[in-house]
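Student: Here it is, the structure in full.
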Amino acid sequence: MHTAFRLVSPFNMDSLPTILLKPGEADRIIAGHPWLYEASILRQTKVPPDGSVVQVKDHRQRFLGVGFFNSKSKIRVRVLSTDRIEIDEAFFTSRLQRALELRRRHMPDATSFRLVNAESDGLSGLIVDKYEDVLVVQTSSMGMDHRKDLIVSCLRKLLKPRAILERNEMASRKFEGLEETSGVLFGEVPEEIEVRLNGLLFHMNLKSGHKTGLYLDQQANYQLVAQRARGARVLDCFSFLGGFAIHAAKAGASQVLAVDQSEDAIAAARRNCDANGVGAVCGFEAANVFDWFKIRASQRGDAASTPEWDLIILDPPSFTRNRASVPDALRGYKEIHLRALRMLRPGGMLATFCCSHHVHSELFLDVILSAAFDARKVLRRTAIYSQSPDHPVIPSIPETEYLKGFAFELV
Ligand code: SAH
């Protein structure tokens, strides 16, 4: 069903500016990583305009691929294909179709999902989220940004959406020489939309609400964690719009408490809870989780020795901005694990997630074990979680993997 790529005539291809790589720099591209830094470049045949298409060759002039050039970015070239193709409507249509087929294959029942996850889908610099019939686009490279109209036109043909919105308020755009911007690219965006995740209803405001929309990367994990919630007393920490809380309540939890420091998020989570008919078992608190744990423990005094939760979920934001902040982040991760483990009954389950790029899986596990040691608890690992399949991981592009999680039972 793919639209066949149109092969560019050799003449056309050769008219593209060429970026030649230093010896040894071709391997990463061949392995599938699309980023080329300045340090890898030997020379260029002409000065390509920023955002234009260039061809990449190794130091022996062997063709490696085509991609977008940007002299303003540390990532000089983002390779889009290792074939001799034109980056045109047929290219975008084919890549978008392939991305859609992948989601349909792995998430056949999903109606809201990340349709394009940049490098994971061979479209470095482009993210497209599908919230029912509304699409949200982010272009984080100059090449993609310049082709917004083309992308919108391809998306309209492929999915016939009601509206397409641009949420390009990422501060990282300045590293590409791009301004922060947002707005409607096509259609009329309703004030609020109803999104279905695993059949459950979530209201969200795309225009003025949280920048992030929903955490689509947790969609599969909501179901996996909720499978263990029947009859359980569940604590959902860093609950945002209540994704884990509502799935757990719907799966038959006896009591659910959601804690998030954002008053707005808590108000929205409450509404989502009611919309799914589980308001009676769900409670909400707008609080800093670190403080909440301390206060709860001191309020319970002697009763603290009788743990009150059967299932605790920890899904904090990334505590790291860069490598330098890792030690502080680890202290934060350790503290919440220590406090959560003290509140979990023996045999109870902890589902814990880390979305920081800089804290890899082994380091995350080390922190959890160190917290368990201090709490004098032994853990049995019962599940390993990753990001939902609409955020595909390409192991040769380590940046595509960021969400990791574990489930543990208290032995
Ligand atoms: N579990 C959520 C996603 C969590 S995102 C879901 O599935 O949708 C992280 C959330 O943590 C945000 O909603 C943010 O408001 C909240 N947050 C950040 N720091 C916090 C803190 N110290 N205490 C409580 N909430 C915090």
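The values are calculated or read from the model by the stated rules, or taken from the named source; none is laboratory data. Everything numeric in this text was worked out from a predicted model, so none of it was measured. Don't worry about glycine lacking a Cβ; one is built from the backbone with ideal geometry, like all the others, and counts go over all protein chains shown. Only protein heavy atoms, including side chains, enter the accessible area calculation; ligands, DNA and RNA are left aside. Shrake-Rupley method; radii C 1.70, N 1.55, O 1.52, S 1.80 Å.
Student: Rounding to the nearest 10 and keeping the result within 0 to 90°, find how far the Cα-based axis of helix 263-275 lies from the longest principal axis of the chain.
Tutor: So the helix axis and the longest Cα principal axis differ by about 80 degrees.
Student: Please name whichever of Asn205, Leu314, Leu165 sits farthest to the positive end of the charge dipole of the chain, dipole taken about the Cα centre and charges placed at Cβ: Lys and Arg +1, Asp and Glu -1.
Tutor: Farthest towards the positive pole: Leu314.
Student: What FRET efficiency comes out for the pair Ser182/Val411, r = Cβ-Cβ distance, R0 = 56 Å, nearest 0.05?
Tutor: The formula returns an efficiency of 0.70 here.
Student: In whole percent, and with a 1.4 Å probe on the protein chains, what portion of the accessible area of segment 89-191 is carbon and sulfur?
Tutor: Whole-percent figure for carbon plus sulfur exposure: 48.
Student: Please compute the length gained on full extension between Arg60 and Ser361, using 0.36 nm multiplied by the number of residues separating them and subtracting their Cα-Cα distance.
Tutor: Extra length from Arg60 to Ser361 when fully extended: 104.5 nm.
Student: Let me ask something additional. Can you say what percent of the DSSP beta bridges in the chain, counting only those with both residues inside, are antiparallel? Round to 5.
Tutor: 65 percent
Student: Follow-up. What does the charge dipole of segment 215-410 about its Cα centre add up to, to the nearest 20 debye, if the Cβ of each Lys and Arg holds +1 and the Cβ of each Asp and Glu holds -1?
Tutor: The calculation lands at about 600 debye.
Student: I would also like to ask the following. Could you state the accessible area per residue of segment 78-164 in Å², with a 1.4 Å probe and every protein chain left in place?
Tutor: 36 Å²
Student: Pick from Thr320, Thr352, Thr93: which is most flexible by mean-square fluctuation in a GNM of the chain where alpha carbon atoms under 10 Å apart are linked?
Tutor: The residue that fluctuates most here is Thr320.
Student: Could you name the aspartates and glutamates whose alpha carbon sits less than 17 Å from that of Lys72, not counting residues in the same chain fewer than 8 places away?
Tutor: Glu38, Asp50, Asp145, Glu176, Glu179, Glu180
Student: On full extension of the chain, what length is gained from Leu224 through Lys22, given 0.36 nm per residue of separation minus the C-alpha to C-alpha distance?
Tutor: That works out to 68.1 nm of additional length.
Student: Could you compute the FRET efficiency for Val378 and Ser172, with r as their C-beta to C-beta distance and R0 at 41 Å, rounded to 0.05?
Tutor: Computed FRET efficiency for Val378 and Ser172 comes out at 0.50.
Student: If R0 is 22 Å, what FRET efficiency do you get for Ala324 and Glu399 from their C-beta distance, rounded to 0.05?
Tutor: Using R0 = 22 Å, I get an efficiency of 0.75.
Student: In addition: Quick one: net charge of Ile394's neighbours, Cβ under 13 Å, K/R +1, D/E -1?
Tutor: Surrounding charge for Ile394 is -3.
Student: Can I ask one more? If contacts are Cα pairs under 8 angstrom and at least 6 residues apart, what is the relative contact order of segment 1-139 in percent?
Tutor: Over segment 1-139, the number comes to 20 percent.
Student: Moving to a separate point now. So how strong a dipole does segment 89-191 carry about its Cα centre when Lys and Arg Cβ are +1 and Asp and Glu Cβ are -1, to the nearest 20 debye?
Tutor: 440 debye
Student: Another question about this same structure. Give the carbon-plus-sulfur fraction of the accessible surface of segment 215-410 in %, rounded to a whole number; probe 1.4 Å, heavy atoms of protein chains only.
Tutor: 51 percent
Student: Can you give the helix-only mean residue ellipticity at 222 nm for the chain, where every DSSP H stretch with n ≥ 4 adds -39500 (n - 2.57) and the sum goes over all residues, rounded to the nearest 500 deg cm²/dmol?
Tutor: Rounded to the nearest 500, it is -8500 deg cm²/dmol.
Student: From the cross-link list Lys130/Lys404; Lys334/Lys377; Lys22/Lys57; Lys130/Lys157; Lys207/Lys404; Lys334/Lys404, which pairs have alpha carbons spaced over 18 Å apart?
Tutor: Over 18 Å apart, Cα to Cα: Lys130/Lys404; Lys207/Lys404.
Student: Assign unit charges at the C-beta atoms only (+1 for Lys and Arg, -1 for Asp and Glu), then state the dipole size of the chain relative to its Cα centre in Debye, rounded to the nearest 20.
Tutor: 800 debye
Student: Separate question: Relative to the present Cα-Cα distance, how much length would full extension add between Ala297 and Glu89 at 0.36 nm per residue of separation?
Tutor: 69.0 nm
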